[in-house]
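The values are calculated or read from the model by the stated rules, or taken from the named source; none is laboratory data. Fair warning: this is a prediction, and the values are worked out from it, not measured in the lab. Using ideal geometry, Cβ is built from the backbone for each residue, glycine included, and neighbour counts are taken over all protein chains shown. These accessible areas exclude ligands, DNA and RNA; they are computed on the full protein's heavy atoms, side chains included. Shrake-Rupley method; radii C 1.70, N 1.55, O 1.52, S 1.80 Å.
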Amino acid sequence: MPGMRKILVVVVTVAVLAAAAVLLVDVGAAIRSEHRLARALAESPRVPFDPEVTLAGFPFLTQAANGEYSGATIAARGVELPGCEPARGVCRGELGATLGRFRGAERGDFTGSDVLHTSSISAYTRLDAVTLARYLRITDLTVSTPAPDGRAGGGGPQDGVVSRSEGVVFTGTVALPPRDGLDADDPPSASSFTGPKVRVSVAVDLSVTGGALEIRATDFYTGPERHVDADVPEDMRAAVLDRFSMVLPRLPMAWGLEAQRAESFGGDVQLVGETGAADLRPDRF
């Protein structure tokens with residue numbers, strides 16, 4: 001009996017080690033292919049760094065053997081965006097995409113000129129508060145997404161990622177009376193600005209107009225989430241709200257998808273577009 005027990009332990013140990021070895025080989029192959037796809041995407045002229053790529057599905061080797069993949073997620077950061085005034089710095093955003101099931105190079109040997117035949121694609125272009133501040137010319141701009149009714153918090157980590165298209169809270173400083181904010185050497189948001197100014201929180205709606213992001217401030221925000229209370233003279237209220245409203249230039253999206261909706265994403269704002277089956281070249285991301 002002790003001998004049988006010993007044999008059983010050896011068999012189980014060998015099986016576990018074999019399974020671990022197979023898993024390591026599979027994971028290693030997936031990492032290699034993700035790196036190959038990232039390098040292929042970086043051949044696109046507008047992608048400055050290798051993007052983050054995750055290939056979905058397990059086991060990976062089974063997919064790679066015949067070039068049929070369960071899907072992929074891509075995030076390319078630092079992509080230069082149009083329409084920013086040079087004095088305020090370069091505007092950059094994150095371009096991302098999620099691919100449904102797709103057919104591509106066997107063994108994960110992706111190149112820039114490959115054609116990926118995907119069943120669906122969802123793309124986004126994401127702007128952080130620093131980039132939005134450069135477009136709006138409000139240098140201390142912050143963005144927050146109030147949590148849904150009945151939930152505490154304001155889009156922080158405890159709430160997960162909160163997203164909405166209406167009632168997003170923008171907070172920032174503008175001059176009184178409001179100016180266009182074009183003076184890069186003396187912006188109202190800066191601590192050295194000596195003229196009258198006010199820091200306010202406003203509720204904004206996000207939408208897409210002709211493929212471009214439209215930001216429209218609807219009212220001053222006085223809700224339960226973190227915000228700034230400030231007295232704005234009645235005759236300046238409309239002008240202050242107008243400083244938080246803008247239609248941005250049309251921004252690039254992955255593989256030229258058209259933006260269909262706009263929404264907040266925690267402390268960021270993003271454009272989102274989706275389509276069905278498509279043929280995609282990595283070097284045209």
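Just how far, in whole angstrom, is segment 53-107 from segment 186-253 if you go by their alpha carbon centroids? If we compute the Cα centre of each part, the gap is 33 Å.
Excluding ligands, DNA and RNA, the accessible surface per residue across segment 39-131 is 45 Å² with a 1.4 Å probe. Note on segment 130-285: Cα convex hull, mean projected area over all directions, 11.5 nm². Simple rule: put +1 on each Lys or Arg Cβ and -1 on each Asp or Glu Cβ in segment 65-116, find the dipole, and look at Leu116, Ala65, Gly83; the Cα lying farthest toward the positive end is Gly83.
Annotation: extensible slack from Ser191 through Leu61 equals 41.1 nm (criterion: 0.36 nm per residue apart, minus Cα-Cα distance).
Shape analysis of segment 216-281 based on the Cα gyration tensor places the equivalent ellipsoid semi-axes at 36, 14, 8 Å, largest first.
Placing Leu116, Leu257 in order of accessible area, with the largest value first and a 1.4 Å probe, yields Leu257, Leu116.
Here the simple spin-label model places points 7 Å from the Cα toward Cβ, and for Ala238 and Ala87 these points are separated by 2.8 nm. The three principal axes of the C-alpha atoms in segment 64-129 carry coordinate ranges of 51, 20, 13 Å, sorted with the longest axis first.
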